[in-house]
Amino acid sequence: MPQVSNLTNDETFFEIGRLIELLLKNNPSVLELLATPRSHVLFRHPLMDMVDPQLFLSKLCKDTFAGYARTQMHKARGLNKKMNVREAPVRKSVMDFCWVYSDNAIYPLNEWLQYQGIMQEACGLSTMNHFKDCYKLFIQRNMPLNARLNGIVRSAGSNDVNTSEILKGIVPSGVLYFNKDGYSMHCREYREYNEWLEKRNEDRYKTNMSHGGQYDTKNMMHTIRLLSMAEEIARFKQINVFRSDREYLLGIKAGNYSFDELVKIADEKMVLIEEAYDKSSLPEAPDPELAENLLVRIREEFYQL
């Protein structure tokens with residue numbers, strides 16, 4: 001197997017081939033791992049001395065380090081949005097996203113039903129060709145005696161509108177539009193908020209709220225760190241795991257900057273990174289032949305082939 005993890009996925013073990021494969025992709029975690037100073041490594045197999053991370057540095061780092069930083073920023077933005085919710089979102093129904101055109105006016109569905117003095121079960125819908133998410137709307141009292149309508153939705157928990165069989169020639173009482181995309185977005189945001197609420201680290205959440213910035217400071221600290229490392233790799237061809245800007249990064253983690261300030265800093269760093277990689281003499285990608293030869297040598301010595 002190329003890699004195995006423990007039950008909690010807190011520890012992952014790579015076969016050397018998988019490690020080399022990740023180096024060829026300029027994986028940030030693997031490059032940082034191999035660049036860790038020996039004074040902070042508990043055990044290092046002698047064969048690992050053959051794996052010099054500097055040999056694998058390339059312009060791919062712009063996308064891997066800066067791309068990873070964008071992921072951290074995206075998480076921070078998402079958490080920022082969730083943390084600033086004043087009230088937990090209320091789960092809305094399909095009917096909350098429906099509108100009715102009737103008598104030359106447009107009404108929210110629930111308001112229209114109230115105005116008509118009927119329940120949704122006394123209505124029926126039929127599809128309209130070439131009009132996405134639009135339906136002809138019928139009322140039971142305007143139908144022939146033997147006609148039965150199925151309601152607008154099957155139940156309160158339905159995720160779509162319901163249609164009925166309508167005889168030709170019957171004039172609808174209006175047209176219903178179901179904002180299906182809006183409903184889907186609401187469901188996703190509601191689900192994501194509750195998943196975040198269930199899984200969030202309470203201590204980390206309280207820390208983030210206590211500094212007043214109301215964003216995830218750890219995510220933003222890693223964003224700035226990764227962007228700085230990406231620029232350093234382009235300019236100096238080095239992976240600086242031990243940070244000279246440690247106090248600055250800890251200040252970010254402590255919440256000494258507003259979220260908007262950090263977004264502006266990150267945007268400015270992205271401009272510098274683009275310039276640095278345009279001028280850098282780094283190769284476009286690591287040398288696959290060098291990697292293959294290295295892998296063969298390590299396996300030969302380890303397995304004594």
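The values are calculated or read from the model by the stated rules, or taken from the named source; none is laboratory data. What you are looking at is a predicted structure, and each value in this text was computed from that prediction instead of being measured. With ideal geometry, Cβ positions are generated from the backbone for all residues, glycine too; neighbour counts draw on all protein chains shown.
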(request) Take the range 103-118 and flag every residue that is surrounded by fewer than 17 Cβ atoms within 10 Å (Cβ to Cβ) and under 16 Å from Gln140 (Cα atoms). (result) Gln114, Tyr115, Gly117, Ile118
(message) For the range 220-261, give me each residue that is of a type in the set (Asp, Glu) and within 25 Å of Pro283 (Cα to Cα).
(response) Glu231, Glu232
(request) Residue by residue through the range 235-252, note down the ones that are more than 20 Å from Leu57 (Cα to Cα) and surrounded by 19 or more Cβ atoms within 10 Å (Cβ to Cβ). (result) Ile252
(request) For the range 119-138, name all the residues that are surrounded by fewer than 16 Cβ atoms within 10 Å (Cβ to Cβ), more than 38 Å from the chain's Cα centre (by Cα) and within 19 Å of Ile106 (Cα to Cα). (result) Met119
(request) For Lys92, indicate whether it is surrounded by 14 or more Cβ atoms within 10 Å (Cβ to Cβ) and modelled with pLDDT under 95. (result) no
(request) Give the residue, chosen from Glu284, Glu231, that is in a loop (DSSP other than H, G, I, E, B) and of a type in the set (Asp, Glu). (result) Glu284
